[in-house]
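Chemist: First the structure, then my questions, so here it is.
The values are calculated or read from the model by the stated rules, or taken from the named source; none is laboratory data. None of the values given here were measured: they were computed from a predicted structure. Positions of Cβ are backbone-derived with ideal geometry, glycine not excepted, and every protein chain shown enters the neighbour counts.
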Amino acid sequence: MSEVPEELKIKQKFPNWYDWLKPIKQKDLKHGFASYIALPKQVDSEFFKMPFGDVERDVFSEDWKLPENWKEIILDAFKETLEKNRAFKVFMDICVRCGACADKCHYYIGTGDPKNMPVMRAETVRSVYRYYFTIGGKLFGKWAGARPLDENVIKEWYYYLYQCSLCRRCSLFCPYGIDTAEVVWWARRMLSRIGLNQRFMCISIEASARTGNHLGLYAGGMAGSIEQGLSELKDITGFDLHTYINKPGADVLFVAPSADYFATPHWYVMLGYLLLFNELEERYGLTVTWSTYASEGGNFGTFHSYEAAQLLNSKIYKEAERLGVKFIIGGECGHMWRDKHQFINTMNNPPKHAEWRKFWDDPDLGQISEKLKGINLGEFISGEHGWIHILELVAALIKHKKIDIDPSRNDHWKATYHDPCNVARGMGMLEEPRYVLRNVMNYFYDMPEHCIREKTYCCAAGGGMLAEELMELRMRGVMPRMMALRYVVKKYGVNIMLTPCAIDKAQFPVAVEYWKIPVEIGGPMEMVGNALVLTAFGEKPEDRKYDLRGTPIREEE
Ligand code: SF4
Ligand code: SF4
């Protein structure tokens, strides 16, 4: 084999550990990778107020206008976190720098920046821990991997902690189970104590606290959008369908990510929800209401801090109590699923309302209709009983043959499925979506094993990374997912990638254009809506002429 010419040799030079301890400087912060800092209107509002949020800061200016005693505040917050959170303390102590996580992060793969290796991302924080909270660090300084806090360290934290989508793929490969996402989450909270909050997520948190949803839609806008959906469905199905909004005593409160109210391709999923709910009410008397107060399933607070997460989580919980529903169904949102399932008990008291309590203890759909008796949602629920994911519900209905399906209505689609990090790795919902898709479609193909189910690659826009100013980072970070997608497009002729996550549905259309992959993006509930035969309304399988996008279902049409 001939020698590789000097100019083509790949030179990857990793600095030694001491050099790594040197923080980046202001001039190293790059456009496309640095998140904007929140403005006072987002973090000094009546609805969402953060300390020192009244100051306008620019991530690209030398002076970040930190409060005078910023160091003391950070160290107090650090101490508090170590005392209150055992996992954080353990994660500070036990990393052996084995490097098993190093190449598992999509941002490292896409950027090649060594500080985007999960181990190094956490080291930016651990090094400070060692310096102030360990004897070795106090005595031996940099020889023990410790470094003191200064403004550049804080800038490095902000820059790299906001190049993490909290996807937790790295933790899957760590022999000690270190969850770098959790380290990032707590350190972001520390930054928020000195006025450093990421702008994109705070726009959404403030809007959701003020109006009920991340987009800041008021009640009329939200309700008008659902009405528009019903009118489109009349054109597609010929039936007059309806829905409920803020209905006390309904069986179910339904919460969806607010992008489903109007964004594309989310909109087709919204149509799928409405079809399902109408069929279930007509056939079994199950009533589903939306809420203009709890009009957002997502929770951007989970990317920011415990307090912000709780603020938004409790809103849905309180609304379910107020309306007196029996349970909550969640729509196609990734982080909603983890937020609601993993944190509901910690952030709220157990349900007080008798109906909800009863269903929580024994989630048998027979409580709603005799005809549904024996369908125990407990078999399908991946988390707490008070909540069920729409795809878990559909899986239960299909398994028990309670809805009629014509998969041939989706024969113009060849689909693959992207596991959202929080749905798959976060909540273990791996098989239900695939079970649903294999039943409602004839052509379904998984991507290669190394990047699906628990090992799924992040869309690179979660955890607050959907910000417009991070486009360069997003398009680089999504590369591993795009390569796997290209493989099934070439091998099987896949023409749509389905995902039950609103952030994915916002990121992937841009990503497939950037990476030049000829494929559409959608959600599983769109395919369910296409295939669902509205038997209760007298519909026959062959009656539907158009899919939810208005495309003719059969070629001759
Ligand atoms: S895999 Fe775990 S122990 Fe190894 S470097 Fe990464 S975080 Fe540290
Ligand atoms: S949580 Fe995800 S984005 Fe963050 S360091 Fe780990 S792999 Fe990278």
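Chemist: If I ask for residues that are under 16 Å from Y159 (Cα atoms) and of a type in the set (A, V, I, L, M), which ones from segment 179-217 would you list?
Modeler: Residues satisfying the conditions are A181, V183, V184, A187, M190, L191, I194, L196, M201.
Chemist: Go through segment 382-439 and give me each residue that's assigned to a loop (DSSP other than H, G, I, E, B), charged (D, E, K, R) and over 30 Å from Y487 (Cα atoms). Steps first, answer last, please.
Modeler: Just the residues of segment 382-439 that are assigned to a loop (DSSP other than H, G, I, E, B), to begin with: 382-386, 400-403, 406, 411-414, 418-420, 427-430.
Cutting the leftovers down to charged (D, E, K, R) gives us 384, 401-402, 406, 411, 414, 419.
E384, K401, K402, listed by residue number.
Chemist: Take segment 129-160 and flag every residue that is closer than 22 Å to N69 by Cα and within 16 Å of ligand 2 (Cβ to nearest atom).
Modeler: E156, W157, Y158, Y159
Chemist: Within segment 8-26, how many residues turn out to be closer than 27 Å to S127 by Cβ and either at pLDDT 95 or above or in a loop (DSSP other than H, G, I, E, B) (or both)?
Modeler: The initial filter retains those residues of segment 8-26 that are closer than 27 Å to S127 by Cβ, namely 11-26.
If we keep only those that are either at pLDDT 95 or above or in a loop (DSSP other than H, G, I, E, B) (or both) too, we end up with 11-16, 21-26.
Going through segment 8-26 one residue at a time, the tally reaches 12.
Chemist: Additional query: For segment 357-378, how many residues are in a helix (DSSP H, G or I) and touching a strand residue (DSSP E or B) at 6+ places or on another chain (Cβ under 7 Å)?
Modeler: Going through segment 357-378, the residues in a helix (DSSP H, G or I) turn out to be 357-361, 365-367, 370-372, 377-378.
Narrowing further to those that are touching a strand residue (DSSP E or B) at 6+ places or on another chain (Cβ under 7 Å): 359, 377.
So the count comes out to 2.
Chemist: Suppose we filter segment 308-346 for residues that are under 23 Å from I203 (Cα atoms) and of a type in the set (S, T, Y); how many remain?
Modeler: Matching residues across segment 308-346 total 2.
Chemist: Can you find a residue that is assigned by TED's automatic domain parsing to the domain that holds E72, surrounded by 23 or more Cβ atoms within 10 Å (Cβ to Cβ) and among the basic types (K, R) anywhere in segment 181-201?
Modeler: Taking every residue of segment 181-201 in turn, at least one turns out to be assigned by TED's automatic domain parsing to the domain that holds E72, surrounded by 23 or more Cβ atoms within 10 Å (Cβ to Cβ) and among the basic types (K, R).
Chemist: Test E454 against the stated conditions and say whether it is assigned to a helix (DSSP H, G or I) and under 20 Å from Y162 (Cα atoms).
Modeler: Working: assigned to a helix (DSSP H, G or I): yes; under 20 Å from Y162 (Cα atoms): no.
Answer is no for this residue.
Chemist: With respect to the numbered conditions (1) more than 26 Å from L172 (Cα to Cα); (2) of a type in the set (V, I, T); (3) surrounded by fewer than 17 Cβ atoms within 10 Å (Cβ to Cβ); (4) in contact (Cβ under 8 Å) with a residue 60 or more places away in the chain, which one is the sole condition not fulfilled by V153?
Modeler: Exception for V153: condition (3).
Chemist: Can you name every one of the helices (runs of 4 or more DSSP H) wholly within segment 39-107 that holds 3 or more residues which are over 24 Å from H214 (Cβ atoms) and more than 16 Å from ligand 1 (Cβ to nearest atom)?
Modeler: Counting at least 3 such residues, we get 70-84.
Residues are listed down the side, and each one gets a yes or a no for (1) crowded, with 20+ Cβ neighbours inside 10 Å; (2) of a type in the set (G, A, S); (3) closer than 19 Å to R549 by Cβ:
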residue	(1), (2), (3)
K234	no, no, yes
D240	no, no, no
L253	yes, no, no
Y261	yes, no, yes
T264	no, no, yes
Y284	no, no, no
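Chemist: Which one of Y131, Y159 is closer than 23 Å to R474 by Cα and surrounded by 15 or more Cβ atoms within 10 Å (Cβ to Cβ)?
Modeler: Y159
Chemist: OK, next. Starting from segment 213-230, keep only residues that are more than 20 Å from F47 (Cα to Cα) and part of a helix (DSSP H, G or I), then list their pairs with residues that are of a type outside the set (S, T, Y) and modelled with pLDDT of 90 or more whose Cβ atoms are within a distance under 6 Å, requiring at least 6 positions of separation or different chains.
Modeler: A223/I245; G229/M270; G229/L271; G229/L274; L230/L241
Chemist: Can you name every residue in segment 156-177 that is outside any helix (DSSP H, G or I), in contact (Cβ under 8 Å) with a residue 12 or more places away in the chain and within 11 Å of ligand 1 (Cβ to nearest atom)?
Modeler: C174, P175, Y176
Conditions tested, residue by residue: (1) of a type in the set (F, W, Y); (2) surrounded by fewer than 18 Cβ atoms within 10 Å (Cβ to Cβ); (3) within 16 Å of ligand 2 (Cβ to nearest atom).
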position: F78; (1), (2), (3): yes, no, no
position: V90; (1), (2), (3): no, yes, no
position: D93; (1), (2), (3): no, yes, no
position: V96; (1), (2), (3): no, yes, no
position: C105; (1), (2), (3): no, no, yes
position: Y108; (1), (2), (3): yes, no, yes
position: P114; (1), (2), (3): no, yes, yes
position: M117; (1), (2), (3): no, no, yes
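Chemist: Restricting to segment 61-76, name every residue that is surrounded by 12 or more Cβ atoms within 10 Å (Cβ to Cβ) and farther than 23 Å from E182 by Cα.
Modeler: W64, K65, L66, P67
Chemist: Here is a further query. Report yes if L166 is in contact with a Gly (Cβ under 8 Å, 6 or more places away or on another chain) and closer than 25 Å to V59 by Cβ, otherwise no.
Modeler: So L166 fits the description; yes.
Chemist: Among the residues that make up segment 256-275, is at least one of them modelled with pLDDT of 95 or more, assigned to a loop (DSSP other than H, G, I, E, B), assigned by TED's automatic domain parsing to the domain that holds K358 and more than 30 Å from S369 (Cβ to Cβ)?
Modeler: Yes, because at least one residue in segment 256-275 is modelled with pLDDT of 95 or more, assigned to a loop (DSSP other than H, G, I, E, B), assigned by TED's automatic domain parsing to the domain that holds K358 and more than 30 Å from S369 (Cβ to Cβ).
Chemist: So, in segment 108-150, exactly how many residues are within 15 Å of ligand 1 (Cβ to nearest atom) and either under 20 Å from E469 (Cβ atoms) or without any contact (Cβ under 8 Å) to a residue 12 or more places away in the chain (or both)?
Modeler: Count: 4.
Chemist: So, of the residues in segment 476-501 that are under 22 Å from Y435 (Cβ atoms) and assigned to a helix (DSSP H, G or I), which turns out to be nearest to ligand 1 (Cβ to nearest atom)?
Modeler: Among those that are under 22 Å from Y435 (Cβ atoms) and assigned to a helix (DSSP H, G or I), it is A484.
Chemist: Report, ordered by the first and then the second residue, all pairs with beta carbons closer than 6 Å, sequence separation of six or more or different chains, a first member in segment 358-369 that is assigned by TED's automatic domain parsing to the domain that holds T287, and a second member that is of a type in the set (D, E, K, R) and surrounded by 16 or more Cβ atoms within 10 Å (Cβ to Cβ).
Modeler: If the second residue must be of a type in the set (D, E, K, R) and surrounded by 16 or more Cβ atoms within 10 Å (Cβ to Cβ), the pairs left are F359/K326; I368/D251.
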